Amino acid sequence: MLEARRIATRPLPVVRGLRFGDVAVAVAADALVRRAWALGRNTELVVPAAGGDLGTQFVFERELAKEGHDRSSVGDDEYEARAAAFAADRMAAAAEVFARLGVTVDVGAASTVADDAVAAARTAFVTLYEQGMVEQLDRVVATCPRCRTPVDGADVVEAEHEAELVTVRVETTGEGDEDEALEVVLAEVELLPGVVAVAVPDGHPLAGAGVGAVVPIAGREVPIVADPLRATPGFVVPAHDAEGHAIAQANGLSPIQVLDDDGVVCVDGPLVNLGRYAARQAARDLLAAEGAIVASEATVEQVGRCACCGTVLVPQLGRHWFLRSGDLEVAAADAVRHGDLVFQPPDARDAFLATAGIRREWCVSSRVEGGVSMPVAVCLDCGKLTVDATPSPSCGKCMGVLVGEGSSLDARFVAAAWALANAGWPRERDPSADTVVVVGEDDLAGWVLPSLALGLRLTAALPFAGVVVHPWPGDADVSAREADLFLDADPRVLRFALVAGTDDLDAAAAAVAALDSPSASASSDDGDDAVAAGLAALDDGAPGLAATLLASALGAGVPAAAADRLRALVLPILGD
Ligand SMILES: [Zn+2]
Ligand SMILES: [Zn+2]
């Protein structure tokens with residue numbers, strides 16, 4: 001592990017705001033670098049800054065809102081200037097935190113939105129497009145009506161909503177058996193104007209019987225179609241439901257968009273211009289007035305909220321760019337299974353392998369201010385799309401004017417491409433740049449896997465030599481005490497705890513106190529054995545284990561005669 005030329009953390013959200021788990025990863029990486037130095041190696045610490053993501057856009061716009069501004073009130077140029085100033089402030093604040101903790105890094109020297117990383121991300125997209133691994137598809141994806149962008153699954157917070165499950169009677173038409181009544185149960189009654197069919201289970205008497213159904217509120221007649229995956233009848237709303245979209249495609253039915261990008265009803269009729277939940281109440285009242293409600297009961301609806309702004313997400317049909325990530329991930333997992341990528345702790349490898357190939361398609365387009373622009377341009381004259389990392393200003397087909405498509409590359413795709421840029425791609429692979437990365441457990445699926453998948457596909461090599469998974473108990477409880485911990489704790493104590501991967505400062509405080517006030521009665525052998533075990537763990541690339549072993553041994557007392565030597569040995573973890 002420590003032979004690596006470079007030890008890097010995953011890209012950290014220095015502009016969005018560092019959480020304790022982020023700082024822990026950086027301090028753990030710094031401990032490994034300091035140990036490598038102590039062994040006489042020339043190792044470099046790299047802490048890339050993550051940018052161009054939804055979270056960063058959100059915290060900046062929240063600052064802007066505090067001054068009573070938004071993008072439209074300040075204008076594009078002013079917005080960009082303010083965003084840059086905000087980023088510089090946050091970088092300086094992060095640099096202060098790292099300096100206080102003795103992390104030897106130049107914050108901002110590496111970044112996912114630096115020129116080399118942007119070039120790698122755009123080249124990666126273009127190459128994958130040329131290989132047929134990226135294509136534009138019509139899909140229903142979770143969309144934030146406030147941030148106005150598709151939201152990646154990792155940025156969705158599952159939540160529960162009180163709702164009402166309504167059983168609606170649906171009139172049928174045509175020459176079939178007229179007595180056959182249809183009853184459909186649903187909660188999202190505001191979507192009724194977007195119904196294009198009623199799906200019934202295979203073998204249902206109304207399926208294929210030449211019978212139509214009249215959609216309540218909309219008053220339109222729609223076909224009744226068979227769906228083998230269905231146990232009870234249901235409405236097909238292809239514009240806002242992935243399953244409905246598949247059924248509509250199979251039956252040649254055109255979608256009807258109900259909610260626009262702001263989550264407001266955009267289809268003509270009695271609900272037009274109402275927000276989603278106001279429309280739901282209005283639709284409920286209209287159904288009652290029509291006498292269409294057979295029964296109703298209270299229920300709990302599962303919804304997704306935007307992790308950045310908390311708004312309930314709208315499943316929205318749209319045309320986006322998708323990477324066939326499943327194939328790439330499976331190939332990367334095979335390479336890890338047969339190759340020599342070292343994981344620390346070793347069982348992290350199994351946790352990693354379990355995450356590969358779960359996501360078959362990855363929506364790599366988003367709309368984020370400050371994101372890396374998509375290398376896609378569209379011709380104003382003929383509409384032809386051009387995919388090129390450095391596009392020309394005119395269309396190759398008709399010489400018309402090309403303009404950028406307007407969307408940005410998903411920040412996770414850009415962060416994964418950073419790993420390739422770090423290894424010198426697309427210029428040339430730098431063999432001296434072998435990199436060990438220090439990550440949290442969630443990063444195995446969120447960053448390590450896509451980095452390995454892109455690296456293997458595009459450079460025919462894995463971009464890392466080793467992966468250190470640093471433990472952290474989770475940020476939920478810690479962030480509330482963030483200020484207290486940073487302001488009050490002795491930096492050496494805080495650093496010791498962060499390297500150990502714990503928010504319990506007591507053991508770390510006892511270790512530091514023992515080093516500061518050695519005891520004449522403590523036994524020298526015990527201290528030496530413990531330090532030897534701790535350093536061996538550090539040499540294996542296990543900073544968390546090393547700090548835990550050292551903290552418990554030193555906390556039991558440090559013999560006066562050995563205090564200076566122990567202090568020197570513990571220096572990679574304590575900092576200076
Ligand atoms: Zn949002
Ligand atoms: Zn053209």
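The values are calculated or read from the model by the stated rules, or taken from the named source; none is laboratory data. Computed from a prediction, not measured in an experiment: that's the story for all the values here. Quick reminder, even Gly has a Cβ in these numbers, built from the backbone with ideal geometry, and neighbours come from all protein chains shown.
Consider GLU369 against the criteria (1) within 16 Å of ligand 1 (Cβ to nearest atom); (2) more than 25 Å from the chain's Cα centre (by Cα): it satisfies all of them except one. Which criterion is unmet?
For GLU369, the exception is condition (2).
Which ones in the stretch 367-384 are crowded, with 19+ Cβ neighbours inside 10 Å and in contact with a Leu (Cβ under 7 Å, 6 or more places away or on another chain)?
Of everything in the stretch 367-384, those that are crowded, with 19+ Cβ neighbours inside 10 Å and in contact with a Leu (Cβ under 7 Å, 6 or more places away or on another chain) turn out to be VAL368, GLY371, VAL372, MET374, VAL376, ALA377, CYS379.
For the stretch 61-84, indicate whether the set of residues that are under 20 Å from the mean Cα position of the chain (by Cα), small (Gly, Ala, Ser) and more than 16 Å from ligand 1 (Cβ to nearest atom) is non-empty.
There is no residue in the stretch 61-84 that is under 20 Å from the mean Cα position of the chain (by Cα), small (Gly, Ala, Ser) and more than 16 Å from ligand 1 (Cβ to nearest atom).
ALA24 passes all but one of (1) in contact with a strand residue (DSSP E or B) (Cβ under 6 Å, 6 or more places away or on another chain); (2) more than 24 Å from ALA417 (Cβ to Cβ); which number fails?
(1)
Could you please let me know if ARG427 is without any contact (Cβ under 8 Å) to a residue 12 or more places away in the chain, more than 16 Å from ligand 2 (Cβ to nearest atom) and not polar (S, T, N, Q)?
yes
Does ASP388 satisfy being within 21 Å of VAL330 (Cβ to Cβ), of a type in the set (Asp, Glu) and either modelled with pLDDT of 90 or more or more than 16 Å from ligand 2 (Cβ to nearest atom) (or both)?
no
With the requirement that a residue be among the small types (Gly, Ala, Ser), more than 20 Å from GLU135 (Cβ to Cβ) and buried (at least 18 other Cβ atoms within 10 Å of the Cβ), what does the stretch 349-366 give you?
Correct list: ALA356 only.
Within the stretch 285-313, how many residues turn out to be on the phi > 0 side of the Ramachandran plot and either within 16 Å of ligand 2 (Cβ to nearest atom) or under 17 Å from the mean Cα position of the chain (by Cα) (or both)?
The qualifying residues number 1.
Somewhere in the stretch 12-27, is a residue of a type in the set (Val, Ile, Thr) and modelled with pLDDT of 95 or more?
Yes; the residues of the stretch 12-27 include at least one that is of a type in the set (Val, Ile, Thr) and modelled with pLDDT of 95 or more.
So if I check each of ALA520, ALA536, which one is modelled with pLDDT of 90 or more, more than 31 Å from the chain's Cα centre (by Cα) and over 26 Å from GLY474 (Cα atoms)?
After applying the criteria, what remains is ALA536.
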